[in-house]
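Data block below; observations after.
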Amino acid sequence: MALEKYNKKRKFRETSEPEGKISKKSGNRFVIQKHNASHLHYDFRLELDGVLKSWAVPKNLSKTKNQKRLAVQTEDHPVDYIDFQGEIPEGNYGAGTVEIYDKGKFELIDRSDKKIIFNLKGDKFRGEYVLINFRDKNWLIFMR
Ligand code: MN
């Protein structure tokens, strides 16, 4: 999938979002971006495979153990997106405001096609979380 979808959706002459390039460096950062677009949601992104694997989480992650939240996988984002905040102008994909809600590092505990387990070390979110794919792009995220 790489970043073709990401690049296709955006007009870089209009938006200040970074252009999509695969990173050769491997890292272990995460970010949660509060995205006030047509619907307010939280974008949860994990640095994996040289990109940010991304999910839109309408109700944000929960800090209550086993409280499951829907997380809809979206297109991979470039690693540089981890620092993005600001305004996406009207008429552009995701138009609205983006603000960094939490960021930090994570420790990968286990990963398969349908399940990712990791320990979040952010300012707001800390602890062991699980992402489980249950249908198509639909995942659940919860603290365990
Ligand atoms: Mn979003």
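Tabulated values for the structure
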| read-out | value |
| --- | --- |
| Integer Hz, Karplus 6.51/-1.76/1.60 couplings in order for segment 69-84, x for Gly and Pro | 10, 5, 9, 9, 5, 10, 5, 4, 10, x, 4, 4, 5, 4, 9, 6 |
| Low-density loop cleavage sites - chymotrypsin sites (Phe, Trp or Tyr not before Pro) in segment 81-144, where at most 16 other Cβ are within 10 Å (DSSP) | Y93 |
| Karplus-derived HN-Hα couplings along segment 132-138 (A = 6.51, B = -1.76, C = 1.60, θ = phi - 60°), whole Hz, x at Gly and Pro | 10, 7, 10, 6, 6, 8, 8 |
| Given the chain, longest segment not containing exposed loop GluC sites (Glu not before Pro) (DSSP; at most 15 other Cβ within 10 Å) | 20-89 |
| Other-chain or far-sequence residues with amide H under 5 Å of I109's (modelled H) | I117, F118, N119 |
| Greater than 27 Å apart at Cα, pairs in K25/K63; K63/K105; K9/K65 | K25/K63; K9/K65 |
| Cα pair distances in the chain, grouped into 10 Å bins until the bin that holds the longest one, percent each | 12, 45, 35, 8, 0 |
| Value of [θ]222 nm, deg cm²/dmol, for the chain, DSSP H segments ≥ 4, -39500 (n - 2.57) each, nearest 500 | -500 deg cm²/dmol |
| Selection from W139, T15, F84, by position along the positive dipole direction of the chain (Cβ) | W139 |
| For segment 93-107, 3J(HN,Hα) per residue [Karplus equation, 6.51 cos²θ - 1.76 cosθ + 1.60, θ = phi - 60°, Hz, x = Gly/Pro] | 4, x, 3, x, 10, 10, 9, 6, 9, 7, 8, x, 10, 9, 10 |
| Projected area, mean over directions - segment 59-144, Cα convex hull, nm² | 6.4 nm² |
| Overall Cα dimensions of segment 18-100, principal axis frame, Å, largest first | 35, 33, 18 |
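Any read-out appearing in this document is the output of simple, stated calculations on the displayed coordinates, not a laboratory observation. None of these values were measured; they are calculated from a predicted model. FYI the Cβ positions are ideal-geometry reconstructions off the backbone, even for glycines, and counts take in every protein chain you see.
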